[in-house]
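I have placed the structure first, in the form of structure tokens, so that the comments after it can refer back to it.
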Amino acid sequence: MLGNDIVDLADPETSRGGQHPRFDERVFASCERAALARSSDPTRLRWMLWAVKESAFKGLRRTQPATVLSPVQFVVDLDSQLHGTVSCRDQHYRATVELDRDCVHAIVSDDLARDGTLWGSRRVADGTVADIAASQQARSLALDRISARLGIDRSELGIERVGRIPQLVHRGACTLSTLSLSHHGSYVSFACQLEPWCVTAVDRLPPRLQRSLDRETH
């Protein structure tokens, strides 16, 4: 299980999002609302909690497609180092949050301590990036970091969607890695569990996806 989410704190959408009088009540559990009340920077904490919830939802939806985004059901507990847990019913996952300039980047996994978990974020523009361009930028960031970590040529890797799920591709074959992409405002991000990527390549890509990969890497 792996999910990530990024929030651009400078984006107008972010500043508007927490102003609705019932936003906190709809989104946060009582313990989270108490933490917001105690916080010296409730706006930043609000979006850290939101990003963790969204990350958990994305990760669960991969393995449990029927999962519904009900933010109040995802309960986040972060320590002073921005590490902690997110719980949904009887399921508990590890969470971490990174702050970089004006963005919040959250990563949720069943095992963030494993050596093969890689993540990162990047500012790509001074204004809000169109969805298509941002998606391409998120893919580019992931491929740059993954190829560097693995020590292989970037042209050997690609990202294709199988259904609605982004899939890391190596030399035309889907790998066993779990990949999560995100973008918001001027920022893009990714998280990837690389550990099983080279165990065995599963299922050759359909011809249409293979042609798309060929165009991307040549």
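At a 1.4 Å probe, what is the % contribution of carbon and sulfur to the accessible area of the range 1-92?
50
Find the Rg to Rh ratio for the range 1-150, where Rh is the Kirkwood radius over alpha-carbon pairs and Rg uses the same atoms.
Rg/Rh: 0.95.
With no solvent and one equal point scatterer placed on each C-alpha of the range 1-60, evaluate the Debye formula and give log10 I(q)/I(0) for q = 0.16, 0.24, 0.26, 0.27 Å⁻¹, two decimals.
-0.52, -1.08, -1.19, -1.23
So what is the orientation-averaged projected area of the range 96-180, using the convex hull of its C-alpha atoms, in nm²?
Projected area, direction-averaged: 6.6 nm².
So, by mean Cβ neighbours within 10 angstrom, what's the order for 172-185, 154-167, 134-147 with the highest one leading? Display every interim value, and only then the final one.
Numbers: 172-185: 21.5, 154-167: 15.9, 134-147: 19.5.
Ranked from most to least packed, the peptides come out as 172-185, 134-147, 154-167.
How big is the accessible area of Thr43 in square angstrom, nearest 10, if you roll a 1.4 angstrom probe over the protein chains?
Probe radius 1.4 Å; accessible area of Thr43 about 80 Å².
Would you be so kind as to identify which of His105, Thr63, Ala138 lies farthest towards the positive end of the dipole of the range 30-153, taking Lys and Arg as +1 and Asp and Glu as -1 on Cβ and the Cα centre as origin?
Thr63
The values are calculated or read from the model by the stated rules, or taken from the named source; none is laboratory data. Note that this is a predicted model, so its numbers are computed, not measured. As a convention, Cβ positions derive from the backbone with ideal geometry for all residues, glycine included, and neighbour counts pool all protein chains shown. SASA here: full protein model, heavy atoms, side chains in, ligands and nucleic acids out. Shrake-Rupley method; radii C 1.70, N 1.55, O 1.52, S 1.80 Å.
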